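Colleague: Take a look at the following structure, please.
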């Protein structure tokens, strides 16, 4: 069925180090892959996204890579800062089988802690 | 205020009671979504709506009912609450569907006792 797996579930790094979160998806028809950041007590917020016609996208300290053949995509955060501490979710947009609309399926989340 | 708002923020209800969670957005976005967030499961889609009067099931729709008579509102009703429906519920909206940015509300923490 439709599935997005995310690893690791928790990640602890020192300030200034890099952090990498990986996701795999099951439906080869998926064509949109956003990453959301959720701070404590708030709703998730989009930080970066990538579409299936692109292999890599970068926005300042954040980058996302997509390998369509292997059906996996990753979030890279460089020069981490304490304010990067949050829960990060990957997601994949699943096209409908017949009629209907695209659905966004989320991974289980990664709790990132950046220690000063 | 512009944005997407959920109410109530916190709710405690008893097993078997009907409860409705409200969601209101001011952007006139066509798409609206309801997710539940549980530890170890991330965000799971309950129902979504592509426009007023158009709704469809997500991953975990059982025990929930939605309606969308107006573009800006998308209430979620638990017809007979169960303890397994204790969760944090998030409403979201987007302009053109699941292939674009979704804007999330602050969430409603529901406890069923």
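Colleague: Identify all residues within the range A:2-38 that are in contact with a helix residue (DSSP H, G or I) (Cβ under 8 Å, 6 or more places away or on another chain) and in a loop (DSSP other than H, G, I, E, B); write none if there are none.
Modeller: A:15 - this is the single residue of the range A:2-38 that is in contact with a helix residue (DSSP H, G or I) (Cβ under 8 Å, 6 or more places away or on another chain) and in a loop (DSSP other than H, G, I, E, B).
Colleague: A follow-up question, please. Filter the range A:94-116 for residues that are free of Cβ contacts under 8 Å to residues at least 40 places away in the same chain and either more than 10 Å from chain B (Cβ to nearest Cβ) or under 18 Å from residue A:48 (Cα atoms) (or both) and give the result.
Modeller: Scanning the range A:94-116 gives A:97, A:98.
Colleague: Right, another one. Here is a list: A:30, A:12. Which entry is in contact (Cβ under 8 Å) with a residue 40 or more places away in the chain and closer than 23 Å to residue B:35 by Cβ? Even if it seems obvious, please write down each step before you answer.
Modeller: Details: A:12 fails: closer than 23 Å to residue B:35 by Cβ.
None of the other options fit; the residue is A:30.
Colleague: Also, quick follow-up: Inside the range B:36-58, can you point out the residues that are at the interface with chain A (Cβ under 10 Å from one of its Cβ atoms), outside any strand (DSSP E or B) and surrounded by fewer than 17 Cβ atoms within 10 Å (Cβ to Cβ)?
Modeller: B:39, B:40, B:41
Colleague: Could you check, for the range A:81-93, whether at least one of its residues is within 14 Å of chain B (Cβ to nearest Cβ), within 22 Å of residue B:93 (Cβ to Cβ) and out of contact with any strand residue (DSSP E or B) (no Cβ under 8 Å at 6 or more places or on another chain)?
Modeller: Scanning the range A:81-93, I find no residue that is within 14 Å of chain B (Cβ to nearest Cβ), within 22 Å of residue B:93 (Cβ to Cβ) and out of contact with any strand residue (DSSP E or B) (no Cβ under 8 Å at 6 or more places or on another chain), so the answer is no.
Colleague: Going by the structure shown, is residue A:26 within 14 Å of chain B (Cβ to nearest Cβ) and over 12 Å from the mean Cα position of the chain (by Cα)?
Modeller: Yes: the conditions hold for residue A:26.
Colleague: Need the failing condition index for residue B:94 against (1) buried (at least 19 other Cβ atoms within 10 Å of the Cβ); (2) modelled with pLDDT of 95 or more, just the number.
Modeller: Among (1) buried (at least 19 other Cβ atoms within 10 Å of the Cβ); (2) modelled with pLDDT of 95 or more, the lone unmet condition for residue B:94 is (2).
Colleague: I'm checking my understanding of the structure. Among residues of the range B:16-27 that are touching a strand residue (DSSP E or B) at 6+ places or on another chain (Cβ under 6 Å) and closer than 15 Å to residue B:78 by Cα, which one is surrounded by the most Cβ atoms within 10 Å (Cβ to Cβ)?
Modeller: Applying the filter and picking the extreme gives B:23.
The values are calculated or read from the model by the stated rules, or taken from the named source; none is laboratory data. Computed from a prediction, not measured in an experiment: that's the story for all the values here. Virtual Cβ from ideal backbone geometry, glycine too; neighbours counted across all protein chains shown.
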